Amino acid sequence: MRLLISVLIFTLLAGCAQNPVTGSNDFVMMSESQEIAIGRQNDEQVKKQYKVYGSKALQDYVNYVGQRIAKNSHRPDLQYHFTVLDTPDINAFALPGGYIYITRGILAYLNSEAELAAVLGHEIGHVTARHGVRQQSAAEAANIGITIASIFVPQINTPAAGNLINLGGGALLSGYGREHELEADRLGAQYLARTGYDPQAIITVIGVLKNQELQDIQLAQREGREPRRYHGLFASHPDNDTRLHQAVDEAEKYASSDSHFEGRRDFLAAIEGLVFNDNSEQGIVRYNAFYHGELGIALQFPPSWQVHNLPTALIAIAPQGEVQLQMLLDDSPRGTPDEYARRLTGSGAQISTLNVNGLEAALFDQSNTAGGVVFFKGHAFILQARGKTRAGLAAHRAEIISTVKSFHALTSDERRLVKPLTLHIITARAGDTFAALAQDSPLGQSAEEYLRLINARYPGGEPQPGQLIKLVR
Ligand SMILES: [Zn+2]
């Protein structure tokens, strides 16, 4: 009995952990080591889901800025990990235990080290206030993509399954509730001030990202893709502006000196050459067409379907989720396309061979699965659709077949489309205008809008002579 009581007391103590920010006791059933363990586990998942951006110099720079802020936070002794993810998504997020991620997509829109510090400071705020632990949403958020993948990626039972690799790109994430977002801003502002940055950078970043978010709805429509937006921005900020300004103003009292470090030149030097928008390595989706430069392939999904270019899978979903069509790649297929299709579907399937734009292929059809196999340059591309119901699949059969039939080798025009664009820093000369700088840009008719957005000169304003500005090439 005594033992039981002491076990109970111990459990209750462990359950009531002290909040590092408020000093009050939060009723969370988690110790710091459990928190770190959750962060570490989910970190593996995030890195499976997203690629880590390939520039070590940029990773080092972000880590340098992040570690300095973390040292001035409420949890200076926690081990922090900062990672730049290779995705055009506009995002930054934190997992419990000090794992913080920032996308190359968001970096393109920032213009100084102080603004980078603002984004990282906000995420550090989520970690120090234990938001992820308090509502578990970070861990859940990080699992969204994985859940999508596991729901929509049924295992294909074939001897080739071990060889099946997926094509990818990606999208994620949420944010916390309004109160947690405001708290993260307030804490971030304090940490910025303590580290020698202007806490007002938080307001600047929110303005930049708000413009980006509003404008990107139109840009995305023009480019035939999903809009990109920062987590929780509209959820947390629009009608809380007064409280946000108050929180940031109050942070001034923590400033270590009167002068603030802006670090515009340092930051811009660090992002020279940064990949902008889609990275061709993951393939791109435009108007429901998929292009992949390295594989040299293209295909067209039905216009009303939703195409998800996830790092682990390329998936198209028919309206109302009636049918999921997934593309898989087998890099060492055996036999002919119809033999391959036979192994994939088993007995009882209808198989027919055909020529798809000069490529050997086969169509298959069996109760609630249908699709095709196309052989190209020693690879088998498997387009397999599954219906929620047989009737649903039958209703979309013509679209599935036309998707298979659209498969073709990338043309030279399409290849230009998948070349990655990169950021370059130049010094503006007298008379430079964004309209003039946008001429002959690979961004086409959206070029001026993009240049204004990434240089924080939206909707008006021109480069000042001698000012460093970003161009996209
Ligand atoms: Zn946040």
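Values quoted throughout were computed directly from the atomic coordinates according to the rules given, and no laboratory measurement underlies them. In this text, all values refer to a predicted model and were calculated from it rather than measured experimentally. Heads up, the Cβs are rebuilt from the backbone with ideal geometry, glycines too, and the neighbour counts pull from every protein chain shown.
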TODO: Report ³J(HN,Hα) in whole Hz for each residue of region 249-256, in order, from the Karplus equation J = 6.51 cos²θ - 1.76 cosθ + 1.60 where θ = phi - 60°; Gly and Pro get x.
DONE: 4, 5, 5, 3, 5, 8, 4, 7
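Mind scanning K47/K388; K56/K210; K47/K419; K48/K388 and naming the pairs with a C-alpha gap bigger than 26 Å?
Numbers: K47/K388 31 Å; K56/K210 29 Å; K47/K419 24 Å; K48/K388 28 Å.
K47/K388; K56/K210; K48/K388, as the Cα separations exceed 26 Å there.
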TODO: Hey, can you grab everything whose amide H is under 5 Å from the amide H of I297? Only 5+ residues off in sequence or another chain; H modelled, so Pro and N-termini drop out.
DONE: H292, L410
Task: Under Karplus coefficients 6.51, -1.76 and 1.60, residue-wise ³J(HN,Hα) of region 320-333 in Hz, glycine/proline x - done: 6, x, 4, 9, 10, 10, 10, 9, 10, 10, 10, 8, 9, x
Open item on the list: Counting other C-beta atoms within 10 Å, and keeping those with at most 12, which DSSP coil trypsin sites (Lys or Arg not before Pro) do you find in region 308-371?
Closed with: R334
Task: Karplus 3J(HN,Hα) series, Hz, for region 420-427 with 6.51 cos²θ - 1.76 cosθ + 1.60 (x for Gly, Pro) - done: x, 8, 9, 8, 9, 9, 10, 9
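Got the relative contact order for region 323-461 handy, in percent, Cα pairs under 8 Å and 6 or more residues apart? Provide the component values of the computation, followed by the final result.
On the way: 193 pairs, mean separation 26.6, N = 139.
Contact order relative to length: 19 percent.
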TODO: Extending each Cα 7 Å along its Cβ direction at Q79 and D331, get the distance between those two points in nm, one decimal.
DONE: 3.2
